[in-house]
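The values are calculated or read from the model by the stated rules, or taken from the named source; none is laboratory data. What you see is a predicted model, and the numbers here were worked out from it, not measured in a lab. Heads up, the Cβs are rebuilt from the backbone with ideal geometry, glycines too, and the neighbour counts pull from every protein chain shown.
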Amino acid sequence: MAVYSHKMVIFIGIILLLSIFIYGESETTPPLNLNAITAIYPLDNGALSKLYQNKFIVLKNQEKDYLSGSYFGLFEHYNVSVFITSDAMLHIFHNVHDEMLKEIEKQHLYQVVEDLAKSMQPKSMDDYTTTSESFPLLKEAAKRNVIFFTVCCRLLDDTFPIPEYVQTEVNNYVNKILAHNATEFYPGDDYTQYKPRGHYEGDSQLEKYFRCMKWLGRRIFRIKDFNYPEDSDIELGQAVMIARILEKYPSDLALWQKFYNVTTLLAGNADSITPLMVSQAVKNVFPIFSIEMLESTENLEKLRQEFEKPDYPESEIIPVPLQYPGQIPSKYIQFFGERYVPDSYVFQQVSFPYIGDASRMPSGLEILATMLDSHRADSLLTDEKSHHPNLAEQMEMLNDHFTTYTLQDWTRTVYNNWFYVMKPLLVEFGNGYPEFMRSNAWYDEKINTCLASWTQLRHDYILYAAQTYIPMPAAEGYGYVEPIPEFYSRLADLCNKIRNDLNSQGVLPSVYNEHLGLLAAKLMIFKGYAEKILAGIQLSNGEQIDIHEFGLWLLGFFAGEGLKEKKPVLVADVCTNSLTEQVLHEGVGKFNPIIVIYQQPDGKVLAGIGYVMSHYEFLEEEFNRLSDSEWEEKVDTYDLPLRPSWVLSYLYPEVFKNIWIFY
């Protein structure tokens with residue numbers, strides 16, 4: 001718990017007085033509807049000073065759980081202008097996306113994985129029984145495949161029979177996975193990763209699916225290992241045997257491709273060599289092939305040389321705890337494989353050994369500065385760069401890398417596209433934009449928005465009420481939307497991409513198809529409003545009413561069967577340091593009101609109210625990974641981690657529990 005001394009409060013007060021003395025009182029004309037605003041959120045002199053200085057303020061001590069209730073609460077106030085924030089639209093998208101993904105997994109992907117595992121397991125047993133003891137490498141490879149698929153089946157069905165000859169190994173793996181508290185250096189695994197988190201927590205079917213997919217996605221079949229050469233020989237044999245089963249049985253291959261294709265549309269390609277690539281490699285090297293040929297060291301080496309070609313992907317992201325850099329070669333084979341995601345690539349490149357300090361943890365700011373080219377995020381990292389000289393060089397390299405990204409690169413997957421949607425929020429806004437958007441304080445608030453939305457993204461990708469009739473009061477107050485047309489357009493495009501891509505695979509439930517369509521249509525309407533605002537065109541009475549009725553629209557959006565509004569509170573672990581045993585977490589707390597001052601085209605100055613997200617970045621010790629329920633308990637009891645000092649530029653009050661104060 002943070003404790004603030006009397007001297008500290010006096011110090012901050014002096015700083016505020018000095019800033020007024022140096023810069024002078026703001027010349028901002030008080031908004032015509034200020035009394036209506038303060039009737040909802042009272043503002044003391046300090047808050048008014050900050051509001052006039054920045055032309056906006058975010059109220060830390062006024063936290064909200066739900067967007068619909070918050071915005072609808074403004075609807076009954078006669079002179080309150082409603083401000084539509086990018087935070088609100090991003091949260092609505094996350095709400096639909098997370099539930100959509102959950103239903104796709106339950107209705108489609110779970111069954112695909114179960115059918116595939118339970119089909120591959122007996123075929124791996126057939127390989128074991130038909131492989132002669134005179135081929136010891138292949139016999140051991142076949143046995144390990146029986147273990148691999150039996151563990152998968154056992155995680156999905158705890159009554160699945162375990163062959164006697166692999167009982168010890170299978171039980172050992174399953175027990176470690178279910179306990180999810182052991183961390184072993186490679187060739188072991190970090191079993192804390194198997195703790196169900198995100199939307200998987202609390203749903204027995206999805207918890208099974210989560211553990212099974214972590215198993216299928218994290219297990220490595222080594223092509224080469226100088227420390228354990230015999231194991232890499234066996235695992236290369238395993239990979240070829242699995243590829244041959246898929247090639248021999250079209251129904252199994254169809255199941256594998258179904259799962260891989262759907263998840264690739266969402267999250268991208270595997271960051272490793274797939275079984276289909278293994279089949280192609282074998283054909284390239286051996287025009288006539290029999291599995292017994294892999295008993296030969298010479299033939300294994302020929303296959304290894306084939307995999308050295310650039311046709312086969314090199315992993316960019318370390319998937320397991322390593323005792324030292326380069327412990328395993330960067331080319332290896334996986335059954336499905338965890339997916340390459342660009343933000344994890346950034347974290348890899350700004351950590352040890354690229355940065356000399358092995359105990360250093362990266363920050364979300366580094367993703368915004370490099371991937372999304374945020375100059376403000378980069379400036380907030382000045383001190384960090386001075387402490388770690390290699391950081392600037394690595395960030396420059398990453399910035400150059402992402403500068404080459406084409407529209408196709410950004411929109412290839414839902415995951416990448418989410419970043420593309422956020423990119424317009426981080427540019428520097430010049431003349432033509434409202435005054436409240438042309439300051440470092442606003443840039444800091446948008447950094448908070450993007451870090452919170454990124455946390456939602458990582459959360460969703462860690463592996464729905466009777467209709468209410470409400471009396472309609474008179475809608476008054478000039479409506480306003482965050483005037484960034486490109487943001488609304490890109491998010492609408494992403495909604496439509498998900499609809500088109502997943503409908504083409506026949507896996508998108510109709511309720512999410514409908515909601516994504518409704519959201520896309522609303523976003524395009526807001527895009528038109530944003531374009532009018534930037535052009536200095538007065539919004540019509542009907543358009544202002546549409547904005548003012550946003551809370552009513554939200555209530556309708558989340559009404560009926562199939563989609564339930566979520567609280568914003570969630571957490572995702574994004575990076576693990578094997579040396580310090582620390583796990584970097586990104587968390588989203590509750591909504592905070594934002595008050596903005598803006599000028600209408602007719603010259604009238606008004607204030608509007610909207611709602612923004614709150615973001616936290618913090619470490620957990622001893623490989624501890626927080627679930628959503630554990631994080632929500634911390635939020636509800638105000639047992640929160642510290643927030644960075646740069647949020648002080650827009651949050652009020654400046655002195656409160658759990659925030660970094662540098663003095």
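The set of residues in the range 280-290 being surrounded by fewer than 18 Cβ atoms within 10 Å (Cβ to Cβ) and of a type outside the set (K, R) consists of Q280, N284, V285, F286, P287, I288, F289, S290. Residue under question is G610, and the condition is that it be on the phi < 0 side of the Ramachandran plot, of a type in the set (G, A, S) and either out of contact with any strand residue (DSSP E or B) (no Cβ under 7 Å at 6 or more places or on another chain) or in a strand (DSSP E or B) (or both); does it hold? Here the answer is yes, as G610 does meet what is asked. Scan the range 498-517 and tell me whether some residue there is part of a helix (DSSP H, G or I), surrounded by 14 or more Cβ atoms within 10 Å (Cβ to Cβ), modelled with pLDDT under 90 and of a type in the set (V, I, T). Looking for residues that are part of a helix (DSSP H, G or I), surrounded by 14 or more Cβ atoms within 10 Å (Cβ to Cβ), modelled with pLDDT under 90 and of a type in the set (V, I, T), one finds at least one in the range 498-517, hence yes. Looking at this structure, is F336 under 19 Å from D233 (Cα atoms) and either hydrophobic (A, V, I, L, M, F, W, C) or buried (at least 18 other Cβ atoms within 10 Å of the Cβ) (or both)? No; evaluated as a whole, the condition is false for this residue. Say whether the condition of being of a type outside the set (A, V, I, L, M, F, W, C), surrounded by fewer than 19 Cβ atoms within 10 Å (Cβ to Cβ) and within 21 Å of P196 (Cβ to Cβ) is met by at least one residue in the range 160-168. No, every residue in the range 160-168 fails to be of a type outside the set (A, V, I, L, M, F, W, C), surrounded by fewer than 19 Cβ atoms within 10 Å (Cβ to Cβ) and within 21 Å of P196 (Cβ to Cβ). Pairing residues of the range 413-439 that are more than 17 Å from R376 (Cβ to Cβ) with residues that are surrounded by fewer than 17 Cβ atoms within 10 Å (Cβ to Cβ) and hydrophobic (A, V, I, L, M, F, W, C), at Cβ distances under 7 Å and at least 6 apart in sequence or on separate chains, gives G432/L534. The residues listed here are K527, K566; of these, the one that is touching a His at 6+ places or on another chain (Cβ under 9 Å), under 28 Å from D493 (Cβ atoms) and not β-branched (V, I, T) is K566.
Listed by position, the helices (runs of 4 or more DSSP H) inside the range 346-389 whose residues that are out of contact with any helix residue (DSSP H, G or I) (no Cβ under 7 Å at 6 or more places or on another chain) and either more than 23 Å from T455 (Cβ to Cβ) or among the aliphatic types (A, V, I, L, M) (or both) number at least 3 are 382-387.
Quick grid of which residues meet (1) within 30 Å of M437 (Cβ to Cβ); (2) surrounded by fewer than 23 Cβ atoms within 10 Å (Cβ to Cβ); (3) out of contact with any Asp or Glu (no Cβ under 6 Å at 6 or more places or on another chain); (4) modelled with pLDDT of 95 or more:
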| residue | (1), (2), (3), (4) |
| --- | --- |
| H77 | yes, yes, yes, no |
| D98 | yes, yes, no, no |
| E105 | no, no, yes, no |
| H108 | no, yes, yes, no |
| K118 | no, yes, yes, yes |
| E140 | no, yes, yes, yes |
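With respect to (1) hydrophobic (A, V, I, L, M, F, W, C); (2) in contact with a Gly (Cβ under 7 Å, 6 or more places away or on another chain); (3) at pLDDT below 80, the lone exception for L294 is condition (3). When you look at E396, is it loosely packed, with under 15 Cβ neighbours inside 10 Å and over 25 Å from N500 (Cβ atoms), yes or no? Against the criterion (loosely packed, with under 15 Cβ neighbours inside 10 Å and over 25 Å from N500 (Cβ atoms)), E396 qualifies. Checking every residue in the range 89-106 against the condition of being among the basic types (K, R) and either closer than 30 Å to M241 by Cβ or in contact with a strand residue (DSSP E or B) (Cβ under 6 Å, 6 or more places away or on another chain) (or both) gives zero matches.
Scanning the range 619-640 for residues that are crowded, with 20+ Cβ neighbours inside 10 Å, touching a strand residue (DSSP E or B) at 6+ places or on another chain (Cβ under 7 Å) and not in a loop (DSSP other than H, G, I, E, B) turns up D628, W631.
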